[in-house]
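Each remark here refers to the structure printed beneath this line.
Read the figures in this text as sums done on the coordinates, not as results from a lab. The structure displayed is predicted, hence computed values, not measured ones. With ideal geometry, Cβ positions are generated from the backbone for all residues, glycine too; neighbour counts draw on all protein chains shown.
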Amino acid sequence: MKRPRRLAVLAVLCGTVALTGWVGAELAGFGSLGIESTGAPMEVGRATSATARAEHVDAPRATTPGKHGVSVAEIASGSAALSDPPAMPQPAAPPVLFAAVSPTDPVQNAARPAVSSEALDGCSEPDVCIDQYLWSLYERTPKIDTLKVEERIKVKVKNKGKTRTVVKTLTKYITEDFGWKDPKAAQKAGMSLKDYVIGGMDQEFRRKLYNALRAMDEAGLSPGITSGFRDDYRQELANGNKAAPDSSYHGGSRRGGYGHGLAADLVSVKGDTRAERCTWSEILWKWIDAHEKELGIGRPYLDKDPPHVAPIDGKEYADKRSAAKAQLAGLKKPAKPN
């Protein structure tokens, strides 16, 4: 992949930098493979409890930063510049992202899940304990996404002494808390949030996901779940490029509905700042790519929908992974001869 495009995708995921017009043009095709969701739902604050989220299920909210915040970037085509950022840090060293973050960004303390892996090893009811482990990773992960909003405006320009009106597109990247959506869908379905989000996934997929997340946790990657099961109603609430409500592999009715969800969205909650958590999420996704055969799960869309994972022996992976690889290969420049 071309490095500018790769960094542009990261900028959309983390919502931390102002992009140039040419990067904006590259991002216009982001998610063109028909992904389930746009961008990575990266967190900026402490996770709210299921109870607290349920109390506000009818109150979606978009957040904007203070004077020093960088979660909203406005771009008029061709009007800004982006410098070449430093290289991605290695996991062993303290991560340093290519963009600055708000100095008030709170610390997320998520060193371990609510249910320890040691306790699960001796569990008498494995499926119950698996669900509890998955739920603990869902609970500890704030649900934040970066949305691209475009607005067309008329501006007057002078050319060779003549004034004329042209239409320009103003693009904003807005950080939105989507933690209200799952509780609202669960309430509509008449079930608890845990039964909805975790119980709606296919049981065999939950076992694979559990083993994979245990491996990630033990590797020090601090995984978190931002999305599990989603029915048709919940899919209608999703933003950006996405599958039709009944066609989502998260659990759309055409895919079998409740109990048959075969997708989840994963990020890392490791790090003391949002920038570090964004960096560690990319490290986690690449770790999944390197271990997908052992894990039994992989990323069908690769960097087009980084958090999205599915069984590697499933239809979604078979249908989408080859297309994602081909598109990424087309973006890479041929190596120069020595």
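Brief remarks on what is shown
- Site pair Asp313 and Lys160 shows an inter-label distance of 6.8 nm when each label is modelled 7 Å from Cα along Cα→Cβ.
- Rounded to two decimals, the Cα radius of gyration of segment 180-338 over 2.2 N^0.38 Å is 1.09.
- Amide N of segment 246-271 lying under 20 Å from the label point, which is placed 7 angstrom from the Cα of His291 along Cα→Cβ: 263-271
- Among residues other than Arg299 with Cβ under 11 Å from its Cβ, the summed charge is -1 (Lys and Arg +1, Asp and Glu -1).
- Extension gain, Asn211 back to Cys123 (0.36 nm per residue minus Cα-Cα distance, nm): 30.2 nm
- Using a Förster distance of 41 Å, the FRET efficiency for Gln203-Ala326 (Cβ separation, nearest 0.05): 0.80
- Least to most buried among Thr169, Thr175 (fewest other Cβ within 10 Å first): Thr169, Thr175
- Set Lys143/Lys194; Lys143/Lys181; Lys208/Lys270; Lys148/Lys304; Lys293/Lys315 screened for pairs whose C-alpha atoms are more than 18 Å apart: Lys208/Lys270
- Taking a ≥ b ≥ c as the square roots of the Cα gyration tensor eigenvalues, segment 202-271 comes out oblate, since a/c reaches at least 1.5 and a/b does not exceed b/c.
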